[in-house]
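Report on the following structure.
The values are calculated or read from the model by the stated rules, or taken from the named source; none is laboratory data. Everything quoted here is computed from the prediction, not taken from an experiment. Neighbour counts are summed over all protein chains in view; Cβ atoms, including those assigned to glycine, are modelled from backbone coordinates with ideal geometry. Protein only, heavy atoms only, side chains kept; ligands, DNA and RNA dropped before computing areas. Shrake-Rupley method; radii C 1.70, N 1.55, O 1.52, S 1.80 Å.
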Amino acid sequence: MRNERLTYRILLFISALLIAACSNDSDEFKEPDNCLSMVSFTRGDEPSNPFTVTEDYSPVGVFLVEGDGTTQSGRFVFKANETIWKSSIEVTSNHDYAIYGYAPANVGTVTLSDETLDGATMTFSNLPTVSSQDICFVVGVQQVNNINDTKNIPLGQFGFTGKSEKNFVNLLMDHVYASICFKVEIDPEYAALRDIKLRGMTLQSTKATAKATVTLAANTENTSPVVSATYSDLAGTGREAQFFDSDTGVDLTADAAIQATCCFVPTLANDLSLITTYDVYDRKTKKISERTATNKLPNITIARGKRMTMTLTVQPTYLYVLSDNDLDNPTITIN
């Protein structure tokens, strides 16, 4: 009987420990009511058709500047089960703040300087020269009342006033990079003889990293707050960014081109090459070969935040003689 009572007490003690542990786990993830949350952020896209970005860009880096010059740094992390972006950044009721930020937060090293409620300078160091992700920075902030609030986000405004609880904001972003939309198709005559499956596309630069310096000034005219965006410190000996990847390959046709977009530092206008990987099949679906084509891109003079379209056509150079070498390894022409 004594042993049974001892066993019972031990079980009670273990149960109490488990309950305490569960309580501690719950408390550990309980966030203060005055922490800053983001309902969503939107980025402008060329040709100016905004769309909402989701968890692919989590986390979002944030600098929260208070009226007295105090600056906190933190991150918004996307919580899929709540469809909201949360941070551990606490705000104080009735205090004025400005938000400067960037996405995704794991890009290079980002610092803030000369920050006030009315503007700041954001510096991106060790920025990849080419990237499959469109690195963005905040150009507009709108305070909202709840997670279903979808007010328009004004350009050029960064401020909001803290509340005692439920501090929600929407963010509007602009682009650090320029971009190219590649459209890949197949020559109709060649399509009658061979099937091509596109496997991969990679944008290549001879430089690895750069520095981008973006100066922002708030305004009330709903116009862009970007005073300047400059690029410098090109360094390193090479960078590649794969922006299309398919294990099985995607069929090219002469009717509808496959499209994929990659981003780059605008000052690399004459420094880019495209590496395209594809498989060649005969008309009996027999795989003939795997091929990789490297095309030096022409001089590209487009500005930050702009996108150009470049069409690539898989096309043999002398189809009329039906050269086996040419059929198995067609060139890719840039139109």
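Within segment 250-292, the set of residues being within 24 Å of the chain's Cα centre (by Cα), assigned to a strand (DSSP E or B) and not aliphatic (A, V, I, L, M) comprises Q259, T261, C262, C263, F264, S273, T276, T277. Beta carbons closer than 7 Å, at least 6 apart along the sequence or on distinct chains, pair a first residue in segment 28-39 that is within 17 Å of I147 (Cβ to Cβ) with a second that is modelled with pLDDT under 85 and open to solvent by 20 Å² or more (accessible area, probe 1.4 Å) for V39/I147; V39/D149.
Among the residues of segment 254-300, those that are among the β-branched types (V, I, T) and surrounded by 16 or more Cβ atoms within 10 Å (Cβ to Cβ) comprise I258, T261, V265, T267, T276, T277, V280, I300. Pairs are defined by a Cβ separation below 8 Å, a sequence spacing of at least 6 or placement on different chains, a first member in segment 295-315 that is closer than 26 Å to Y190 by Cβ and assigned to a loop (DSSP other than H, G, I, E, B), and a second member that is of a type in the set (V, I, T) and open to solvent by less than 20 Å² (accessible area, probe 1.4 Å); the pairs so defined are L297/I180. Listed conditions (1) at pLDDT 90 or above; (2) in a strand (DSSP E or B) are all met by V39, apart from (1).
This table checks each residue for (1) closer than 24 Å to V226 by Cα; (2) touching a Ser or Thr at 6+ places or on another chain (Cβ under 7 Å); (3) without any contact (Cβ under 8 Å) to a residue 40 or more places away in the chain.
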site	(1), (2), (3)
S93	no, yes, no
G101	yes, no, no
N106	yes, no, no
Q142	yes, no, yes
L155	yes, yes, no
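For (1) hydrophobic (A, V, I, L, M, F, W, C); (2) in contact with a Leu (Cβ under 6 Å, 6 or more places away or on another chain), each residue gets a yes or a no:
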site	(1), (2)
I196	yes, yes
T213	no, no
D245	no, no
V250	yes, yes
D255	no, no
D271	no, no
I275	yes, no
Y278	no, yes
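The C-beta contact set for segment 201-230 (first residue open to solvent by less than 40 Å² (accessible area, probe 1.4 Å), second residue basic (K, R) and assigned to a strand (DSSP E or B), distance under 7 angstrom, 6+ apart or interchain) comprises S205/R239; A208/R239.
Looking at segment 227-246, can you tell me whether even one residue there is charged (D, E, K, R) and at positive phi? Quick ask: steps written out before the conclusion?
Going through segment 227-246, the residues charged (D, E, K, R) turn out to be 233, 239-240, 245.
Next cut, at positive phi only: 233.
Yes: one or more hits.
Working only within segment 51-91, note down all residues that are assigned to a loop (DSSP other than H, G, I, E, B) and surrounded by 12 or more Cβ atoms within 10 Å (Cβ to Cβ). Can you show your working first?
Narrowing segment 51-91 to residues assigned to a loop (DSSP other than H, G, I, E, B): 54, 58-59, 67-70, 80-83, 91.
T54, S58, P59, G67, T83, V91, listed by residue number.
Of all residue pairs spaced 6 or more apart or on separate chains, those with beta-carbon atoms under 8 Å, a first member in segment 75-90 that is at positive phi and a second member that is among the hydrophobic types (A, V, I, L, M, F, W, C) are T83/I147.
Can you tell me which residue within segment 153-178, out of those that are of a type in the set (V, I, T) and more than 22 Å from T261 (Cβ to Cβ), is least open to solvent (accessible area, probe 1.4 Å)? So, considering only residues that are of a type in the set (V, I, T) and more than 22 Å from T261 (Cβ to Cβ), the one least open to solvent (accessible area, probe 1.4 Å) is V169. The residues listed here are T123, T150; of these, the one that is at pLDDT 95 or above and either surrounded by fewer than 16 Cβ atoms within 10 Å (Cβ to Cβ) or within 27 Å of T261 (Cα to Cα) (or both) is T123.
Just checking, does segment 220-233 include any residue being under 28 Å from D118 (Cα atoms) and in contact with an Asp or Glu (Cβ under 8 Å, 6 or more places away or on another chain)? Checked segment 220-233: at least one residue is under 28 Å from D118 (Cα atoms) and in contact with an Asp or Glu (Cβ under 8 Å, 6 or more places away or on another chain).
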